[in-house]
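K.L.:
My structure is below; once you've seen it, I'll send some questions.
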Amino acid sequence: MDKNLKFGIIGLGLIGGSIFKALCALKCNVYGVSKSKRTIDAAKKYCKNVSYSMDYIKDCDIIFICTPMNKILNILEELESILQPTAIVTDTASLKGFVCNKKRPYNFIPSHPMAGTENKGFSASYETLFQGAKWALTPFRGTNTKDIKTLKGIIEVLGAKPIITTPEKHDEAVALISHMPMLLAQALYKTTKDNALALSLASSGFRDMTRLALSNEEMANDMINMNSQNIQKSFCKLCASVGDLIKNDYPDQIKNIKKQRKKMYVDGINKLK
Ligand code: NAP
């Protein structure tokens, strides 16, 4: 990675703060923009170039937009009159279809780091968040391959593995692996919450299955509102799987599921290509 690159990060929460901390630790030239005084003051302890003003990042070469999803289209629009045409911009939104609504006068390459926790804000961020994670990219057709290569290189320096796909395939996949599981965790808790004995007896299985019920509420609302069709399709598939499991050779099917699931993660990291 070219050490002379100037990085701009908009939104210093869990994701933006983690990118910011990782790049500060690598002694890169980093500029941060955030909304609250508390976040800005905390970020200044890592690197002094932090401000409320978007103008602060106008000369940056690489920009990460890490705000909640419902703010991103306005920011992409605002950046049109601020950035150099050579700037490479990526967002980190959990959905990719909505940001691909139009081409931009800068080099916009939508992306989504497949890492996170149930916590939010700068205080929850940490520099190793992306180590061993996948990072999806959904470039527009015709995007300069040199710019894609530059962004992929930075993602690799952050410890993640870039995966190129389309916005449609991405949004369908994340409904299965992220949005449906979150809604299931919330529904599981809601179904159980009035049974005092069940809650009192609940142990690690219930704790693990409901961890996603602790998700960032603004992000959860955005996911459910903005990916509802794919989430509905995922739930239809889930219902079909439950029926199939119960009706057709349950012992054999769960044996295979257990075998495949065991191979998928090694030391907590998804090893599938
Ligand atoms: P977060 O912890 O709530 O951080 C969002 C940050 O955005 C806040 O800290 C806030 O800054 C800042 N912000 C809000 N409006 C802003 C504005 N107008 N200008 C500048 N900064 C603004 O959320 P997150 O989990 O990092 O999520 C950020 C993005 O990453 C979302 O688009 C989400 O879909 C995506 N994502 C999240 C996860 C996950 O697991 N959490 C994983 C992958 C991708 P202040 O603190 O200064 O108010």
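The values are calculated or read from the model by the stated rules, or taken from the named source; none is laboratory data. What you see is a predicted model; the values in this text were computed from it and never measured. When we count neighbours, we look across all protein chains shown, and the Cβ atoms used for this are built from the backbone with ideal geometry, even at glycine.
K.L.:
Scanning for something near the ligand (Cβ under 10 Å from one of its atoms) and under 16 Å from the mean Cα position of the chain (by Cα), does segment 22-40 turn up at least one residue?
P.N.:
Initial filter on segment 22-40 (near the ligand (Cβ under 10 Å from one of its atoms)): 32-40.
Retained after the next criterion (residues that are under 16 Å from the mean Cα position of the chain (by Cα)): none.
Taking every residue of segment 22-40 in turn, none turns out to be near the ligand (Cβ under 10 Å from one of its atoms) and under 16 Å from the mean Cα position of the chain (by Cα).
K.L.:
Keeping to segment 39-53, report how many residues are without any contact (Cβ under 8 Å) to a residue 24 or more places away in the chain and outside any loop (DSSP other than H, G, I, E, B). Walk me through how you get there before you give the answer.
P.N.:
Keep residues of segment 39-53 that are without any contact (Cβ under 8 Å) to a residue 24 or more places away in the chain, which gives 41, 44-45, 48-49, 51-53.
Remaining after also requiring outside any loop (DSSP other than H, G, I, E, B): 41, 51.
Residues that pass the stated criteria total 2.
K.L.:
Okay, moving on. Within segment 236-273, track down each residue that is in a helix (DSSP H, G or I), of a type in the set (S, T, N, Q) and either touching a Leu at 6+ places or on another chain (Cβ under 8 Å) or within 30 Å of GLN131 (Cβ to Cβ) (or both). Break it down into steps so the answer makes sense when it comes.
P.N.:
As a first pass, look at segment 236-273 and keep what is in a helix (DSSP H, G or I): 236-247, 250-264.
Still in the running and of a type in the set (S, T, N, Q): 241, 253, 256, 260.
If the condition is that a residue be in a helix (DSSP H, G or I), of a type in the set (S, T, N, Q) and either touching a Leu at 6+ places or on another chain (Cβ under 8 Å) or within 30 Å of GLN131 (Cβ to Cβ) (or both), then GLN253, GLN260 are the ones that fit.
K.L.:
Is it the case that some residue within segment 54-74 is within 11 Å of the ligand (Cβ to nearest atom), in contact with an Asp or Glu (Cβ under 7 Å, 6 or more places away or on another chain) and not in a helix (DSSP H, G or I)?
P.N.:
yes
K.L.:
Here are some conditions: (1) within 13 Å of the ligand (Cβ to nearest atom); (2) over 23 Å from ILE9 (Cα atoms); (3) under 15 Å from the mean Cα position of the chain (by Cα). HIS112 meets all but one. Which one does it not meet?
P.N.:
So the condition that HIS112 fails would be (2).
K.L.:
Quickly run through segment 84-107 and pick out the residues that are within 15 Å of the ligand (Cβ to nearest atom) and at pLDDT 95 or above. Full working, then the answer.
P.N.:
From segment 84-107, those within 15 Å of the ligand (Cβ to nearest atom) are 89-100; that's our starting set.
Within segment 84-107, VAL89, THR90, ASP91, THR92, ALA93, SER94, LEU95, LYS96, GLY97, PHE98, VAL99 meet the criteria.
K.L.:
Could you look through segment 184-199, keep only residues that are of a type in the set (Ser, Thr, Tyr) and in contact (Cβ under 8 Å) with a residue 12 or more places away in the chain, and pick out the one that is surrounded by the most Cβ atoms within 10 Å (Cβ to Cβ)? Give the steps one after another, and end with the answer.
P.N.:
First, pick out the residues of segment 184-199 that are of a type in the set (Ser, Thr, Tyr): 189, 191-192.
Now restrict to residues that are in contact (Cβ under 8 Å) with a residue 12 or more places away in the chain: 189, 192.
Numbers: TYR189: 17, THR192: 13.
Looking at the filtered set, the residue picked out is TYR189.
K.L.:
Moving to a separate point now. Of all residues in segment 214-234, which are among the small types (Gly, Ala, Ser) and more than 14 Å from the ligand (Cβ to nearest atom)?
P.N.:
Of the residues in segment 214-234, the ones among the small types (Gly, Ala, Ser) are 215, 220, 228, 234.
Listed by number, the residues that qualify are SER228, SER234.
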